[in-house]
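Have a look at the structure below, then the notes.
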Amino acid sequence: MTGHLRYDAGKDNYIDLMELKLMMEKLGAPQTHIGLKNMIKEVDEDLDNKLSFREFLLIFRKAAAGELSEDSGLSVLARLSEIDVSAEGVKGAKTFFEAKVQAINESSRFEAEIRQEQEEKKKQADEQKQRREAFKELQSAFK
């Protein structure tokens, strides 16, 4: 087992825009598309438009240093996730990062399963309807 993040929807050790969107929704502070982009931009050192764990840590370092603007989604994220990097250090943030990414994964898997079920039910209902229609046609042919 490497020290890499085990989870994360894209399985790429990054949190991208969609994953950040889900994370913020889970934290109860949904952001606009622009807000999310700005959040990433604020700490995206390598300009790849996603957050590595290192960049994720930067959020908390900046928050601790009071370098985040109040209305930035990042300060909301730092506040809501309640990681005190100075106290818990990198480990706490890493656990949070992995847990969040896992939660995002599980919820998207869950949503996919629900969608699948709904499609399955719809298909069955359609088939029943078709059978009834066919039956009606058959009946009318005999009248």
* **Rounded to 10°, Cα long-axis angle of helix 33-43 versus longest principal axis of the chain** => 30 degrees
* **Neighbour net charge for E120 - beta-carbon separation under 14 angstrom, K R +1, D E -1** => -1
* Asked: How big is the equivalent ellipsoid of the chain along its three axes, where each semi-axis is √(5λ) from the Cα gyration tensor, reported in whole Å from largest to smallest?
  -> 47, 16, 12
* Asked: Label D126 and D46 with points 7 Å out from Cα along Cα→Cβ: what is the distance between them in nm?
  -> 4.4 nm
* Asked: Name the GluC sites (Glu not before Pro) in region 24-109 that are in a loop by DSSP and that have at most 10 other C-beta atoms within 10 Å, would you?
  -> E45, E70, E82
* Which order do D16, D44 take when ranked by solvent-accessible area (1.4 Å probe, heavy atoms of all protein chains), largest first? -> D16, D44
* Asked: Pick from R54, R79, R131: which is most flexible by mean-square fluctuation in a GNM of the chain where alpha carbon atoms under 10 Å apart are linked?
  -> R131
* Asked: Mind checking the angle between helix 17-26 and the chain's longest principal axis? C-alpha axes, 0 to 90 degrees, to the nearest 10.
  -> 90 degrees
* Between 0 and 90°, nearest 10: helix 85-142 axis offset from the chain longest Cα axis -> 10 degrees
* Using a Gaussian network model of the chain whose springs link C-alpha atoms within less than 10 Å, name the residue from Q118, Q102, Q130 with the highest mean-square fluctuation. => Q130
* Qualifying lysines (Cα of each under 26 Å from Cα of K129; at least 8 residues distant if same chain) -> K121, K143
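The values are calculated or read from the model by the stated rules, or taken from the named source; none is laboratory data. What you see is a predicted model; the values in this text were computed from it and never measured. Cβ coordinates were reconstructed from backbone atoms using ideal geometry, including for glycine residues, and neighbour counts include every protein chain displayed. Areas reflect the complete protein model, heavy atoms only, side chains present, ligands, DNA and RNA absent. Shrake-Rupley method; radii C 1.70, N 1.55, O 1.52, S 1.80 Å.
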